[in-house]
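Colleague: I have a structure here, written as structure tokens, and I will follow up with some questions on it.
Coordinate-derived values only; no laboratory data. A quick note: this is a predicted structure, and the numbers were derived from the prediction, not measured. Every residue, glycine among them, receives a Cβ derived from its backbone with ideal geometry; neighbour counts consider all protein chains shown.
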Amino acid sequence: MNKKGHVLNAVLLSIGLGYLLEPSGTEETFVTILMIGVPVTLGALFPDVDTEFGKHRKTLHNLPILVAFVGFPYFFENLEYVWIGILTHYVLDVAGSKRGIALFYPLWSEEFGLPVGVAVKSRMADLVTVVVTGVELVVAAIIIYRIPQASLELGGQAIGTVLG
Ligand SMILES: [Zn+2]
């Protein structure tokens, strides 16, 4: 995808995440959208820096880069949420465009993509971006709402087993 597609994806995703995390629709929702939206949008723009530095869709489009951004906040207590932008950039390139990304670079230069994308300059690109964002939000909703519940149930069962 081009920069416009990545910004559209990041902004829509952040609005959706804001409502998932703070469904009230009050000021808190908008503060959450702003808090998440700025770092996510910056993160979503970052991988394509490799059009100028390094090899495009390789140097900054791989799992080691994602892991580095996931880990960064734990060590330095900043850049939280930037990894969400990096991840959604990868997802959009893999699922939304014809060319894939080199997930295992620099170990392996093979580019991986799904056979469902459209050409970056296609008129369908915006529609595909919105659809991919929708799927991401469904996954996010399942993670946000289901996993705590599932782990609570598991925890409850474990406690029940111990006490029973
Ligand atoms: Zn890219």
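Colleague: Describe numerically, in nm with one decimal, the distance between label points set 7 Å from Cα along Cα→Cβ at PHE75 and at THR161.
Modeller: Each label point is offset 7 Å from its Cα along the Cβ direction, giving 3.7 nm.
Colleague: Working out 0.36 nm times the residue gap between VAL131 and ALA150, then minus their Cα-Cα distance, what length gain in nm do you get to one decimal?
Modeller: 4.1 nm
Colleague: Continuing with the same structure: In whole Å and largest first, what semi-axes does the C-alpha gyration tensor of the chain yield when each eigenvalue is scaled by 5 and square-rooted?
Modeller: 30, 20, 17
Colleague: Residue by residue through the stretch 47-52, which ³J(HN,Hα) values in whole Hz follow from phi under the Karplus form 6.51 cos²θ - 1.76 cosθ + 1.60 (θ = phi - 60°), with glycine and proline marked x?
Modeller: x, 6, 4, 6, 5, 9
Colleague: Which of the peptides 60-66, 71-77, 26-32 is most tightly packed, and how do the rest follow, judged by the mean count of other Cβ atoms within 10 Å per residue?
Modeller: Packing proxy ranking, top to bottom: 60-66, 26-32, 71-77.
Colleague: How high is the relative contact order of the chain, in percent, with contacts defined as C-alpha pairs under 8 Å that are six or more residues apart?
Modeller: Dividing the mean separation by the residue count of the chain yields 23 percent.
Colleague: Starting with the highest mean, order 12-19, 146-153, 105-112 by the number of other Cβ atoms within 10 Å, averaged over the residues of each peptide.
Modeller: 12-19, 105-112, 146-153
Colleague: How far is helix 3-21 tilted off the main Cα axis of the chain, in degrees rounded to 10, range 0 to 90?
Modeller: That helix lies at roughly 10 degrees to the long axis.
Colleague: Still on this model: Put a dot 7 Å past each Cα toward the Cβ at LEU114 and GLU27; how far apart are the dots in nm?
Modeller: The modelled label-to-label distance comes out at 4.0 nm.
Colleague: Tell me the angle of helix 125-163 to the major Cα principal axis of the chain, expressed in degrees between 0 and 90 and rounded to the nearest ten.
Modeller: 30
Colleague: Residue by residue through the stretch 54-63, what is 3J(HN,Hα) from phi via Karplus (6.51 cos²θ - 1.76 cosθ + 1.60, θ = phi - 60°)? Round to whole Hz and write x for glycine and proline.
Modeller: Taking θ as phi minus 60°, the curve returns x, 9, 4, 6, 10, 3, 10, 10, 8, 5 Hz for the stretch 54-63.
Colleague: A follow-up question, please. Using only Cα atoms, find the angle between the long axis of helix 27-45 and the longest principal axis of the chain, and express it within 0 to 90 degrees, rounded to the nearest 10.
Modeller: Result, in degrees: 40.
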